[in-house]
């Protein structure tokens with residue numbers, strides 16, 4: 001299957017949905033974009049088809065203005081299985097690929113802002129887990145390969161990819177009425193892939 005390893009760094013900003021409205025009311029104007037790092041094992045099945053098992057990590061800290069700031073720490077850890085398809089006719093001219101995936105997301109919320117929200121009847125929970133979905137499109141910007149017949153060592157065959165990934169996920173709290181925390185967002189990043 002010619003396995004490869006890929007390290008990617010994305011810029012990602014979730015929309016947060018109903019939670020964003022609450023944060024604005026508390027004096028937090030917007031959620032900043034933060035870097036999401038992911039590590040993947042890529043398996044090559046057919047000339048047009050790869051699959052990858054990916055784990056990522058994203059975190060941010062939000063706070064109200066001083067002197068007595070309320071702080072919310074949020075972290076996301078997604079694990080997913082993704083299918084990558086290269087349109088054969090198009091790929092010969094433009095090295096792009098498309099794909100989709102499904103997986104498991106662990107979301108963690110902490111900080112004294114969670115206590116303030118709990119006083120209003122809103123419980124985020126320190127650990128929320130559920131399924132997550134992806135659709136994405138990417139382009140191979142650069143490829144380099146070792147000379148034919150040379151020893152195939154780690155790093156001798158590699159590529160640099162630009163990828164745009166749409167993350168699809170909503171967490172529903174146990175409040176009444178429920179609060180939708182929408183983690184949908186577009187992640188844009190670069191990845192470096194090399195064979196074992």
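The table below lists the values:
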item	result
Rg over Rh, two decimals, region 2-64 (C-alpha only, Kirkwood Rh)	1.22
Relative pair counts by distance (%), Cα atoms of region 49-151, 10 Å bins	13, 27, 23, 18, 13, 6, 1
Exposure proxy order (Cβ contacts within 10 Å, fewest to most) of 104, 10	104, 10
Residue-averaged 222 nm ellipticity for the chain, from DSSP H runs of 4+ at -39500 (n - 2.57), nearest 500	-2500 deg cm²/dmol
Residue with peak Gaussian network fluctuation, the chain [Cα springs, cutoff 10 Å], from 112, 157, 25	25
nm² value of the averaged projected area, convex hull over the Cα atoms of the chain	12.7 nm²
Segment residue 141-residue 90, extension gain: residue separation times 0.36 nm, minus the distance between their alpha carbons	16.9 nm
Over the chain, relative contact order from alpha-carbon pairs under 8 Å, at least 6 apart, %	23 percent
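Coordinate-derived values only; no laboratory data. It should be emphasised that the depicted structure is a prediction, and the values quoted were computed from it without experimental measurement. Note that we place each Cβ from the backbone using ideal geometry, even for glycine, and neighbour counts take in every protein chain shown.
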